[in-house]
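J.: First the structure, which I've put down as structure tokens, then a few questions once you've had a look.
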Amino acid sequence: MSNDHSLIHRPVSRRLVLAGALAAPAVLRFTGTAHAATTLKISHQFPSSSGEEGDFRDRLVRRFAAEVTKRTNGELAFEVYPGSSLMKTNAQFSALRKGALDLSLYPISYAGGEAPECNIGLMPGLVVSYDQGLAWRTKPVGQAFSEYLEGKGVKILTWVWQAGGVASREKPLIAPEDAKGMKIRGGSREMDMVLQAAGAAVLSLPSNELYVAMQTGACDAGITSSTSLISFRLEELAKQLTTGRGKSYWFMLEPLLISKAVFDKLPKAQQDVLTAVGLEIEAFGKAGAMADDTKVAEVFAKAGAKIHDLDAATVEKWRAIARDTAWKDYSAKSAGCANLMKLAQEVPA
């Protein structure tokens with residue numbers, strides 16, 4: 001899809017259709033029958049699901065697609081590309097900005113390289129509960145962040161937050177003092193700063209590349225969402241798990257995003273349906289994330305890993321380091337970053 005693509009369905013050659021099928025065999029198509037459909041592509045990095053089983057993030061986008069198609073009487077249709085089968089993970093945000101990708105469920109901090117304010121979406125210790133994170137949408141911090149993203153060409157449809165845990169090959173990572181000498185994937189530039197301050201070496205890579213990094217010994221421990229810990233089968237490699245159930249210093253914003261260029265071209269009635277369904281499905285996202293915070297402990301325990309939980313005092317140790325490193329560094333980047341950090345701290349935990 002080019003930068004000036006039209007949303008009107010165009011016929012394609014049999015050769016292109018076959019090439020697309022080979023590139024993304026897990027694609028599902030949601031269509032109605034009442035009208036000719038505008039087909040939108042949804043890309044994400046996570047494994048495909050089946051019905052009520054599997055990664056809730058893939059299930060969320062499929063539910064979203066099915067409901068929007070239903071409410072628009074088939075005027076909007078969707079193709080879902082899981083597992084980064086349409087394009088590489090880190091390319092998706094830039095593609096959204098250009099209108100070369102329609103929608104993505106995307107870890108927003110991955111976009112920090114080209115849009116620095118996005119790093120607030122995985123700021124260690126800043127968000128410490130689901131209710132606090134989901135409150136952003138209606139608070140000044142969420143409004144300011146949404147305006148920033150729209151200025152970059154991207155619009156949030158659904159706010160999804162996920163708590164994270166740590167899978168370790170040998171030594172557990174619970175408190176900051178455990179990090180010394182370990183090679184750890186933190187998930188964001190800011191989390192890496194905290195880990196380095198605690199004495200760790202860090203690796204920067206998407207969560208879907210974590211299994212190989214741990215398997216080869218390039219990484220001793222990986223911090224990622226509970227759902228990714230399950231979906232990427234890290235229990236096969238880990239002897240220790242620190243969960244995010246109950247308490248966590250690691251909360252990631254992973255929203256469902258739509259290209260603003262694509263959204264703006266749609267009729268208002270279709271825009272209204274996308275916005276309404278996006279809002280309604282937030283509850284499904286919260287329930288799915290929280291369920292996996294518990295499920296991950298069961299999965300890892302069954303595989304023989306030792307399970308650890310965080311207490312308030314340990315979370316506060318991580319937050320103290322974050323305040324002196326990542327929070328200060330982020331706030332110093334720009335007036336926009338400083339404002340977002342100030343507004344975020346006004347939202348009660």
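The values are calculated or read from the model by the stated rules, or taken from the named source; none is laboratory data. As the structure is a computational prediction, the values presented were derived from the model and not from experiment. No Cβ is skipped: glycine too gets one built from the backbone with ideal geometry, and neighbour counts run over all protein chains shown. Each accessible area value is taken on the protein alone, full model and side chains, heavy atoms only, with ligands, DNA and RNA left out. Shrake-Rupley method; radii C 1.70, N 1.55, O 1.52, S 1.80 Å.
J.: Kindly check whether there is at least one residue in the stretch 189-201 that is closer than 19 Å to Leu310 by Cα, outside any helix (DSSP H, G or I) and open to solvent by less than 10 Å² (accessible area, probe 1.4 Å).
T.: no
J.: Could you say whether any residue in the stretch 265-277 is over 24 Å from Gly99 (Cα atoms), open to solvent by 10 Å² or more (accessible area, probe 1.4 Å) and not in a helix (DSSP H, G or I)? Quick ask: steps written out before the conclusion?
T.: The first filter runs over the stretch 265-277 and keeps only residues over 24 Å from Gly99 (Cα atoms), leaving none.
Among the residues of the stretch 265-277, not one is over 24 Å from Gly99 (Cα atoms), open to solvent by 10 Å² or more (accessible area, probe 1.4 Å) and not in a helix (DSSP H, G or I), which makes the answer no.
J.: Listed residues Lys268, Lys260, Lys247, Lys286; which is under 22 Å from Arg137 (Cα atoms) and free of Cβ contacts under 8 Å to residues at least 40 places away in the same chain? Explain how you work it out, then say what you get.
T.: Numbers: Lys260 fails: free of Cβ contacts under 8 Å to residues at least 40 places away in the same chain; Lys247 fails: free of Cβ contacts under 8 Å to residues at least 40 places away in the same chain; Lys286 fails: free of Cβ contacts under 8 Å to residues at least 40 places away in the same chain.
Result of the check over Lys268, Lys260, Lys247, Lys286: Lys268.
J.: Please identify the pairs in which a residue from the stretch 38-56 that is open to solvent by 40 Å² or more (accessible area, probe 1.4 Å) and modelled with pLDDT of 95 or more has its Cβ atom under 6 Å from the Cβ atom of a residue that is part of a strand (DSSP E or B) and charged (D, E, K, R), counting only partners at least 6 apart or on another chain.
T.: As it stands, the answer is Lys41/Glu79, since those pairs meet every condition given.
J.: Residue by residue through the stretch 217-240, note down the ones that are farther than 15 Å from Pro176 by Cα and hydrophobic (A, V, I, L, M, F, W, C).
T.: Those that are farther than 15 Å from Pro176 by Cα and hydrophobic (A, V, I, L, M, F, W, C): Ala218, Cys219, Leu229, Ile230, Phe232, Leu234, Leu237, Ala238.
J.: Report, by residue number, each residue of the stretch 306-315 that is open to solvent by 40 Å² or more (accessible area, probe 1.4 Å) and either closer than 23 Å to Arg169 by Cα or within 24 Å of the chain's Cα centre (by Cα) (or both). Please lay out each step first, then the result.
T.: If we filter the stretch 306-315 for residues that are open to solvent by 40 Å² or more (accessible area, probe 1.4 Å), which is where we start, we get 306-307, 309, 311-313.
Lys306, Ile307, Asp309, Asp311, listed by residue number.
J.: Within the stretch 163-197, can you find the residues that are under 14 Å from Trp250 (Cβ atoms) and acidic (Asp, Glu)?
T.: Glu190, Asp192
J.: List every residue pair whose Cβ atoms sit under 8 Å apart, with the two residues 6 or more apart in sequence or on different chains, where the first one lies in the stretch 320-332 and is without any contact (Cβ under 8 Å) to a residue 40 or more places away in the chain and the second, anywhere, is in a helix (DSSP H, G or I) and open to solvent by less than 20 Å² (accessible area, probe 1.4 Å).
T.: Ser331/Cys337; Ser331/Met341
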